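For reference, the structure is listed below as structure tokens.
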Amino acid sequence: MTTSLVELFAKGGPVMWPILACSILAVAITIERWLALGRVPTDPRPFLQKFHALLAERRLDQARKLCDGTTGPLPKIAEGGLSRYGRPREEIEEQLEEAVLAETPGLTGPLPALGTIAHLSPLLGLLGTVTGLVKSFQTIQLKAVSAAPVNPADLAGGIWEALLTTVFGLAVAIPAYALYNYFAHRVNLLNRQMEGAIAPLARTLAGTPDSK
């Protein structure tokens, strides 16, 4: 006879509820980050080439429109730099670096919570394993006190709880950990792209695109 998922959940004991909460939160964070980071272009070069070309022709209004019409943090940083157009390069670089720091939390979002879930879920599973074993030993002790024989069925509840919480905890933790690393890699890549664009943007905004 096949045991349903609901029945397995019930046999896992009270620790299954925080594991379930972790799984729901992990799914919500995954969807949110997938949509948020999915809107950010993976290759910033087309935008940067157009932006630098417009600045070279001093078409600032067109450059602003380009920034407004392009998604991602880099266009926001470039648009903010337009307010410093023609200023000293060092001043522009400082402003751009501050803008990069301001955009980074938006890229990260609730990602640390996903990493926490990846570490917390197996610990919750371990907690359920311990509580399940404690329940089984309590049953053995009660039977021993009453001089009653211990049947496998008497221990089944605790063993179910011990095994199921471990399984469900790992089932939540493994994909959460993989997704966390994927999104973290994506955020690191975007940060490197923004940091790498600071110096060229500063040169162009200062009106000295060919200087070193």
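Some notes on this structure:
- Residue match in segment 36-45 (condition: of a type in the set (Ser, Thr, Tyr) and within 18 Å of residue 198 (Cβ to Cβ)): no
- Any pair with Cβ under 7 angstrom, 6 or more apart, that starts in segment 174-202 at a residue that is more than 17 Å from residue 81 (Cβ to Cβ) and ends at one that is charged (D, E, K, R) and in a helix (DSSP H, G or I): 183/33
- Conditions (1) closer than 30 Å to residue 91 by Cα; (2) at pLDDT 65 or above; (3) touching a Pro at 6+ places or on another chain (Cβ under 9 Å): number failed by residue 204: (3)
- In segment 39-69, residue surrounded by the fewest Cβ atoms within 10 Å (Cβ to Cβ) [restricted to those that are polar (S, T, N, Q) and at pLDDT 90 or above]: 49
- Condition met for residue 121 (touching a Gly at 6+ places or on another chain (Cβ under 6 Å) and of a type in the set (S, T, N, Q)): yes
- Top-ranked residue in segment 105-147 [being modelled with pLDDT under 90 and among the β-branched types (Val, Ile, Thr); ranked as nearest to the chain's Cα centre (by Cα)]: 129
- Within segment 28-44, the set of residues being in contact (Cβ under 8 Å) with a residue 60 or more places away in the chain and of a type in the set (A, V, I, L, M) comprises 29, 36, 37, 40.
- Members of segment 96-129 found to be surrounded by fewer than 19 Cβ atoms within 10 Å (Cβ to Cβ) and free of Cβ contacts under 8 Å to residues at least 24 places away in the same chain, listed by number: 98, 101, 102, 105, 112, 116
The values are calculated or read from the model by the stated rules, or taken from the named source; none is laboratory data. Small disclaimer: the values here were computed from a predicted structure and weren't measured. Counting neighbours? That spans all protein chains shown, and the Cβs are built from the backbone with ideal geometry, glycine included.
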